[in-house]
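Here is the structure we will look at.
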Amino acid sequence: MRIGIQASNMLATHLTGIEYSLTELVRQFARLDSRNEYVLYFNFIRREYAERFESRVQPLLCDRVRASICRVPNVVMNLSGRIGWPIDSSIGRCSSVYYHSFDMRPQWFGAKVLTIHDLMPMTHGEYFPARDVAYFSRNVPKMIHRADALIAVSQYTKDVMVDLLGVPADRVFVARLGIDRRFRRPDPSAVDAVRERFGLGRPYLLSVSTAEPRKNLARLVDALAILHAEGHVDLQLVVAGKSAWGSQALRSRIDAHGLSAHVVLLGYVAEADLPSLYAGAEVFSLPSIAEGFGLPALEAMACGTPVVASSATAMPEVCGDGAVLVDPMDTMALADAIHRIRTDSQLRASLIERGLLRATGYSWETTARNTLAVLEQAGT
């Protein structure tokens, strides 16, 4: 079988979330599947994209995985998409074509398989720019109903698709995301080196997430202020992740509490540094108001760090009993959970043990096998 993949996200400036998971899937397809042929679709002209292609994609190519590069300016491609310029013109005829996000192209041949990570601009629109909400409301239902098969990254996301858009449940397959094997307890010297490089000499509470409103980081700052008032003055908050719209509100909250000396905004952190950053934290928190999955919580568990996570949306499904779950709107509950982990050694040890066990249930190999099963079924 010949399988096409719309792989443009692999060339994003930084591999976060959707882009990272697509790269891991392609890596696993190349490693696990000896039956099928894959064609990765890209469209770029600029040098920086060519450089990312060479460093990220070229090492994954082999006799069964090749790339097809379309070199049409995006402005022309977007206009032509309205009149049906198909992806087939670049990748040839495939049994199925896989879209890992809402980047579907017109397609003449083969089945269309689409992964849905979340529908949050539709379910939690108040936390997104109006343009994103309008785009999702106008285009996403059409893409979902055009697809021949659908994959959700969590049962929660599947339930939203069924309840909100009326998608038949038997059209949606669940393929949960995985954890890379590099996320494990690193050598203490590696942890010390990362802490020294980032200037993290004090105990720290870590959150790995894009600085946008739905990630609820402002409330995490509020919780830090409560903890300082309760005597945890040694604790600092470290946020690793790129800034997004609304991040200025986070900075304003930090200034309002007078915590600028106690909050470190690292921005995007290289993948190689993340395991040590996780392992060096006293507590990891992902207090998001909404998540389609919540992969950083599992990565922290795999590195042996106790986790406090939101009790909303997909987080209980993903974290299970491996984390303390709190109402993301309850700042006092969030602060209390962090306080208990810092002061109750039995709770801390139990969370670390349960988190490590929980993390073993997620792997990119399993994600790839489940995704491939859908691609093969749709293409026959």
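The values are calculated or read from the model by the stated rules, or taken from the named source; none is laboratory data. Quick caveat: nothing in here was measured; it's all calculated off a predicted structure. Here the Cβ positions follow ideal geometry from the backbone for every residue, glycine too, while neighbour counts run over all protein chains shown.
Observations on the structure shown:
- Subset of the range 223-249 that is part of a strand (DSSP E or B) and free of Cβ contacts under 8 Å to residues at least 40 places away in the same chain - its residue that is farthest from LEU266 (Cα to Cα): GLN236
- LEU177 under 22 Å from LEU277 (Cβ atoms), in a loop (DSSP other than H, G, I, E, B) and modelled with pLDDT of 95 or more: yes
- Some residue of the range 343-365 being under 27 Å from PRO121 (Cα atoms), in contact (Cβ under 8 Å) with a residue 40 or more places away in the chain and not aliphatic (A, V, I, L, M): yes
- Take the conditions (1) at pLDDT below 95; (2) assigned to a loop (DSSP other than H, G, I, E, B); (3) over 28 Å from THR360 (Cβ atoms); ARG202 misses just one of them, which is (1).
Condition check ((1) over 21 Å from the mean Cα position of the chain (by Cα); (2) assigned by TED's automatic domain parsing to the domain that holds THR371) across all residues:
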{"site": "TYR135", "(1), (2)": "no, yes"}
{"site": "ARG138", "(1), (2)": "yes, yes"}
{"site": "ARG195", "(1), (2)": "yes, no"}
{"site": "GLY201", "(1), (2)": "yes, no"}
{"site": "TYR204", "(1), (2)": "yes, no"}
{"site": "ALA211", "(1), (2)": "no, no"}
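- Figure legend. Inter-residue proximity from the range 208-222: first residues in a loop (DSSP other than H, G, I, E, B), second residues buried (at least 22 other Cβ atoms within 10 Å of the Cβ) and charged (D, E, K, R), beta-carbon distance below 7 Å, spacing 6+ or different chains. Indicated pairs: SER209/LYS215.
- Residue match in the range 312-329 (condition: out of contact with any helix residue (DSSP H, G or I) (no Cβ under 7 Å at 6 or more places or on another chain) and over 19 Å from THR157 (Cβ atoms)): yes
- Of all residues in the range 151-191, exactly one satisfies the criterion of being in contact (Cβ under 8 Å) with a residue 12 or more places away in the chain and among the acidic types (Asp, Glu), namely ASP180.
- Test for VAL57: is it β-branched (Val, Ile, Thr), closer than 11 Å to GLN6 by Cα and either modelled with pLDDT of 90 or more or under 26 Å from the mean Cα position of the chain (by Cα) (or both): no
- Residue count for the range 91-110 satisfying the condition of being among the hydrophobic types (A, V, I, L, M, F, W, C) and surrounded by fewer than 21 Cβ atoms within 10 Å (Cβ to Cβ): 4.
Yes/no matrix, rows are residues, columns are (1) within 28 Å of ALA359 (Cα to Cα); (2) in contact with a Lys or Arg (Cβ under 9 Å, 6 or more places away or on another chain):
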site: ILE116; (1), (2): yes, yes
site: MET122; (1), (2): no, no
site: TYR127; (1), (2): no, yes
site: VAL133; (1), (2): no, no
